[in-house]
There are 2 protein chains.
Amino acid sequence: MLIHNVFFWLKPETTAGEIADFEAGLASLLADSGVRAGYYGPPGATAPRPVVETTYSYGLVLIFDDAAAEARYQDAPVHVKFLQDHKPKFEKVVVYDVQGA
Amino acid sequence: MLIHNVFFWLKPETTAGEIADFEAGLASLLADSGVRAGYYGPPGATAPRPVVETTYSYGLVLIFDDAAAEARYQDAPVHVKFLQDHKPKFEKVVVYDVQGA
């Protein structure tokens, strides 16, 4: 499995309406045919610890069969549209692609 | 769902044998009764992009029902043993706990 983890920091001036649009955009990504399971949301209410990062706005976790499926997703219309619609809101993005057993 | 994402940077002097032990430790965590699904592994072979972080050694993604289940896992014997056995190998750890819909 290839676990595609994306963490988004939205620009501070992003409005509530724009955030709602962005959430809808995240939801649209889960419909990609290569996505076996997907999750997204803001930082959770776990116990504060020095190692726990809480400054990001949203995380997205998509499970693909393999790196080839993730590569197809990068070029899929739903992902291209997501970037067109929402990239201007991004202050910072960090991606961790984990090769699971 | 609470998606518990952990990224580990192991110390450069960690030996192959110690890495194998660490991998077995990661595998042991998936047996926690609160874990609904779990994945772990090294950085995958996705296309290099400026946003893709590839300097970490291993990622671990555990799916829990909620933050309370993740809190129980923190104190579970399997997790306490994992930290006892492997924390000395850690150079850096970053955790992202995502509150999924």
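The values are calculated or read from the model by the stated rules, or taken from the named source; none is laboratory data. Keep in mind that what you see is a predicted model, and the values were worked out from it rather than measured. Note that each Cβ is placed from the backbone with ideal geometry, even for glycine, and that neighbours are counted across all protein chains shown. Please note that ligands, DNA and RNA were not included when accessible areas were found on the heavy atoms of the full protein model with its side chains. Shrake-Rupley method; radii C 1.70, N 1.55, O 1.52, S 1.80 Å.
Straight Cα distances below 30 angstrom link B:K92 to the lysines A:K11, A:K87, A:K89, A:K92, B:K11, B:K81, with same-chain residues fewer than 8 positions distant left out. Only protein heavy atoms count here; under a 1.4 Å probe, A:K81 has an accessible surface of about 110 Å². Inter-label distance, A:A20 to B:V80: 4.7 nm, where each label sits 7 Å from its Cα along the C-beta direction. Largest accessible area first, the listed residues B:D85, B:D97 line up as B:D85, B:D97 when surface is computed with a 1.4 Å probe on the assembled protein chains. Interface between chains B and A: roughly 2700 Å² of accessible area buried, both sides summed (probe 1.4 Å, protein heavy atoms only). A simple spin-label model places the labels of A:T54 and B:T55 2.5 nm from each other, with each point 7 Å out along Cα-to-Cβ. Rolling a 1.4 Å probe over the protein heavy atoms leaves A:V80 with an accessible area of roughly 60 Å².
Under the membrane-span-like helix rule (DSSP H runs whose alpha carbons stretch at least 15 Å along the helix axis, mean Kyte-Doolittle hydropathy 0.0 or higher), chain A yields A:16-29. Please report the carbon-and-sulfur percent of the accessible area for chain A; probe 1.4 Å, protein heavy atoms only, DNA, RNA and ligands left out. Its accessible area is 57 percent carbon and sulfur atoms. With Cα atoms defining each centre, region A:82-101 and region B:6-31 are spaced 26 Å apart in the structure. Identify the residues of region A:61-101 with backbone N under 20 Å of a label point that sits 7 angstrom from the Cα of B:F90 along the Cα-to-Cβ direction, or state none. A:96-99, by backbone N distance to the label point.
Taking amide H as placed 1.01 Å from N in the peptide plane, the amide H of A:L10 sits under 5 Å from that of A:S57, A:Y58, A:E91, each at least 5 places away or on another chain. Counting only protein heavy atoms and using a 1.4 Å probe, the accessible area of B:T46 comes to about 20 Å². Which whole-number value in Å² is the accessible area per residue of the protein assembly as shown, probe 1.4 Å? I get 47 Å² per residue for the protein assembly as shown.
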